[in-house]
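Enquirer: Please find one structure pasted underneath; my questions will follow.
We did not get these values from a lab; they are worked out from the coordinates using the rules stated. Note that the structure is a prediction, hence the values are computed from the model and not measured. Here the Cβ positions follow ideal geometry from the backbone for every residue, glycine too, while neighbour counts run over all protein chains shown.
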Amino acid sequence: MIENGKKVSVNYIGTLQDGTEFDNSYNSGRPIEFTIGDGQMISGFDRAVSQMQVGERIKILLTPEEAYGYVEPTGFLGVKKNQFADDMDIQVGGIVEGTDDKGNPVAALVHQVIDDVYILNMNHPLAGKTLNFEIELLSAE
């Protein structure tokens, strides 16, 4: 078992239950690095890697609780249309990007339009989904 505080390097492929690939570190040519137990990764992924040995390759299934949680009703936000630039092409199902009140970048899915208000889904795009990962542990220091 890899102890909390150890830095690891992994390659992985993430897919949805229907087989759709949502992320693949092999495609970027760069493994990801993170510290076990630091909260940088979703809990189920962190826990699975902590139980691996260098060179090992595993397949895991993560429930929403172990991944990005469930879709929270409080994660929907109504924003008046006049808060967006006139030249923005905003459509239901599309993504809008902006900044929060602290200047941090945020992205949201346009869920629906009601009169002059866009209803934005601020939940993580993978919230509520069961995720599959194939993980290869490259190093642990």
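Enquirer: Among the residues of the stretch 51-88, write down those that are touching a helix residue (DSSP H, G or I) at 6+ places or on another chain (Cβ under 8 Å) and under 19 Å from residue 111 (Cα atoms).
Expert: Hit for the stretch 51-88 is 70, nothing else.
Enquirer: Would you pick out the residues in the stretch 53-65 that are more than 15 Å from the chain's Cα centre (by Cα) and of a type in the set (S, T, N, Q)?
Expert: Matches in the stretch 53-65: 53 only.
Enquirer: For the stretch 66-93, give me the residue count where each residue is under 21 Å from the mean Cα position of the chain (by Cα) and surrounded by 12 or more Cβ atoms within 10 Å (Cβ to Cβ).
Expert: Looking only at that region, the number is 10.
Enquirer: Separate question: Examine the stretch 104-122 for a residue that is touching a residue at least 12 places away in the same chain (Cβ under 8 Å), over 30 Å from residue 25 (Cα atoms), surrounded by 15 or more Cβ atoms within 10 Å (Cβ to Cβ) and of a type outside the set (Val, Ile, Thr), and state whether such a residue exists.
Expert: There is at least one residue in the stretch 104-122 that is touching a residue at least 12 places away in the same chain (Cβ under 8 Å), over 30 Å from residue 25 (Cα atoms), surrounded by 15 or more Cβ atoms within 10 Å (Cβ to Cβ) and of a type outside the set (Val, Ile, Thr).
Enquirer: Same structure again: Are any residues in the stretch 23-62 among the aromatic types (Phe, Trp, Tyr) and within 16 Å of residue 5 (Cβ to Cβ), and if so, which ones?
Expert: Matches in the stretch 23-62: 34 only.
Enquirer: I'm trying to understand the selection: among the residues of the stretch 26-49, which are part of a helix (DSSP H, G or I) and surrounded by 18 or more Cβ atoms within 10 Å (Cβ to Cβ)?
Expert: Scanning the stretch 26-49 gives 44, 45, 46, 48, 49.
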